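Reading through the structure tokens given below for one structure.
Each reported figure results from applying straightforward, stated rules to the coordinates on display, with no laboratory input. These figures come from a predicted structure and were not determined experimentally. Virtual Cβ from ideal backbone geometry, glycine too; neighbours counted across all protein chains shown.
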Ligand code: GRG
């Protein structure tokens, strides 16, 4: 497997779907703000996870792409809202001014709202026979029991005493939940068994935990040019992070532990899981 070529091909297909995803009938400047947030240069990791999880079990199917695009819409909305002055108050995202800096706060809130709803519209228009089940899984992980709940814990406990269980719950919600949504939805669309769904979920949980710990470490050690966002903010704002709770050395070991868990969880998929396995290994060594 040539991982880079496969990833580039998959990203290009996602990029093409995203370019035509925001209807030109949406009023301005909302339309431009939504497009700005959705098309800014990201890794497209969640759409890729969804497509590659699906393709492990079933032949590629164009009716799956709307779900991949929806994952990126939900992710983009969460970044727009996370960057708002009422939340993280950030000015730089994906190497560009944040949506509220470019379009104003009110329009950024609406762009996030618009993207979240467009995600659901897009999934329900897909005509895939398993659309409802996949959309339900994605809604559950993206909502108050998942990503939104994780963000709540982040905000409610910033500056409060450290509690490892709480940080783990917060990071599982904020980061791993969307990875679980992507992998499980891809598998559901492919007709996975309960056992396969559980294996995919465990993979995505491991990947998400490792990904967030690496994110915390990058926030301490990287720079704005590499990250495309403002570094050092966690420390400055007394955020709950894993390195702060356990120390940097242990945090690096824990990232490796979760990566190993992710790779092991893929065993039931055998050879077909090569791409997802490699994605986890690369996420551990990522620099942005
Ligand atoms: C506002 C409901 C709501 C949720 C916000 C996304 C989020 C939750 C907060 C952003 C800050 C953060 C550290 C989130 C954890 C997930 C994460 C590491 C996001 C960045 O994902 P990448 O690296 O970004 O995949 P790109 O830009 O490549 O898509």
| Normalised by the number of residues in region 180-238, what is the relative contact order in percent for Cα pairs under 8 Å and 6+ residues apart? | 23
| In the Gaussian network model of the chain, springs joining C-alpha atoms below 10 Å, which of 162, 73, 65 carries the largest mean-square fluctuation? | 162
| said: Cut-off is 10 Å between beta-carbons; in what order do 184, 121 appear when sorted fewest neighbours first? | reply: 121, 184
| field | Estimated inter-spin distance, residue 288 and residue 86, nm [label 7 Å along Cα→Cβ] | value | 3.1
| remark: Relative contact order of the chain (C-alpha contacts under 8 Å, at least 6 apart) in percent is 20
| message | For Cα pairs less than 8 Å apart in space and 6+ apart in sequence, what is the mean separation divided by the residue count of region 70-211, i.e. the relative contact order in percent? | response | 21
| Sites residue 278 and residue 43 - FRET efficiency at Förster radius 22 Å, r taken between beta-carbons, to 0.05 | 0.95
| query | What full-extension length gain, to one decimal in nm, is calculated for residue 6 and residue 62 as 0.36 nm per residue of separation minus the Cα-Cα distance? | reply | 18.5 nm
| request: Grab the DSSP H runs of the chain that are 4 residues or longer, score each as -39,500 (n - 2.57), total them, divide by all residues and round the 222 nm result to the nearest 500 deg cm²/dmol. | output: -21500 deg cm²/dmol
| Per-pair calculated FRET efficiency, R0 = 25 Å: residue 31 and residue 148 via Cβ, rounded to 0.05 | 0.50
